[in-house]
1. Quick one: how many residues across region 231-258 are in contact (Cβ under 8 Å) with a residue 24 or more places away in the chain, under 24 Å from Leu154 (Cα atoms) and out of contact with any Lys or Arg (no Cβ under 6 Å at 6 or more places or on another chain)?
2. Out of Ala254, Ala248, report the one residue that is more than 17 Å from Ala166 (Cα to Cα), more than 16 Å from the ligand (Cβ to nearest atom) and surrounded by 19 or more Cβ atoms within 10 Å (Cβ to Cβ).
3. Quick check on Thr158: is it over 23 Å from Pro13 (Cα atoms) and polar (S, T, N, Q)?
4. Restrict the check to region 262-269 and report whether at least one residue is closer than 20 Å to Ser56 by Cβ, within 16 Å of the ligand (Cβ to nearest atom) and open to solvent by less than 10 Å² (accessible area, probe 1.4 Å).
5. Would you be able to tell me the number of residues in region 270-284 that are open to solvent by 20 Å² or more (accessible area, probe 1.4 Å) and within 15 Å of the ligand (Cβ to nearest atom)?
6. Within region 231-245, take every residue that is within 15 Å of His167 (Cα to Cα) and out of contact with any Phe, Trp or Tyr (no Cβ under 8 Å at 6 or more places or on another chain) and give me the one that is nearest to the ligand (Cβ to nearest atom).
7. Is it the case, given these coordinates, that Val165 is within 18 Å of Met266 (Cα to Cα), in a loop (DSSP other than H, G, I, E, B) and at pLDDT 95 or above?
8. Does Val122 qualify as being over 15 Å from Ser56 (Cα atoms), β-branched (Val, Ile, Thr), at pLDDT 95 or above and in a strand (DSSP E or B)?
Amino acid sequence: MTFRQRHLLGIEPLSPPEITDLLDLADTYVDLNRSSDKHDEVLRGLTQINMFFENSTRTQASFEIAGKRLGADVMNMGMASSSVKKGETLIDTALTLNAMHPDLLVVRHPQSGAVDLLAQKVNCAVLNAGDGRHEHPTHALLDALTIRRAKGRLHRLTIAICGDVAHSRVARSNVHLLGKMEARLRFVGPATLMPSGAANWGVEVYHDMREGLKDADVVMMLRLQNERMDGQFIPSPREFRHLYGLTAERLALAAPDAIVMHPGPMNRGVEIDSDVADLEGRSIITSQVEMGVAIRMACLDVLTRKTRGISGWAKETSSGEWV
Ligand code: ASP
């Protein structure tokens, strides 16, 4: 394996071989998760703390199951009832937890960059479970695993990422990952929901859903992230559905075997119609959830290999750098 990172803060620093190795390792965890005995002992004796400063259903449950299946002691901090509510800063919370000698911290935070900051203050591996609109690295990895298993490859696939791209950390991490793996990327949505400078991201930008979906191999829908919007970005959810919702009729413009993805939570009847979201053989949304557990197991495994004394892994030099 080539993975040389101390933390998993984003996809941007990862090399294509590191990504491929993580996906290959995750494939083995898919097999374990489908067997009757889902337990491994690779994290036995290690402590994983999940700190979610923002709501989560899939990601938190997935990290918890992943850690437990690998034998770690997993603790979920209830951030809503923690001292954060009494005014404690993120750094003080991190230093407090660090003193309890965790081996892994899984952190979600509404501010972009907050997880990187926290990683500088602690001694253990930090995994970014989503920071603001910046990155959600395990999501891009699980999407890549899902696509690779469905299509057999990532390179030269045409992937349309549709809807609220501007506020989506899933989209950002996917652009880094799928770009490195030589997929052809499109953003499809209204100009108000495109990130500034989108045309410089190495993607094609479409404002017309019919053109953007034409012959796409993968249609990735995104939720309208109202919690990250200050102001009015679309006239109304109804108008948005009318112009940009994924309907069966619009899906018919994509490649005949195009797959449909969504990171969840879905707003049915807004960015995606129920008959498409539930379309057997085409919608692989529940498969994304399954792959999420396997990917997180792979990430927890590789990030603790140095702690577990497995040679050939990232080492700290005398100057404090990791090589
Ligand atoms: N669950 C994903 C995230 O946390 C996508 C979303 O919330 O729409 O970014």
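The values are calculated or read from the model by the stated rules, or taken from the named source; none is laboratory data. Source: prediction; values computed, not measured. Cβ: placed from backbone, ideal geometry, glycine included. Neighbour counts: every protein chain shown. Just so you know, the surface numbers come from the protein's heavy atoms only, side chains and all, with ligands and any DNA or RNA stripped out. Shrake-Rupley method; radii C 1.70, N 1.55, O 1.52, S 1.80 Å.
1. 7
2. Ala254
3. It is true that Thr158 is over 23 Å from Pro13 (Cα atoms) and polar (S, T, N, Q).
4. yes
5. 1
6. Phe233
7. Yes, satisfied.
8. no
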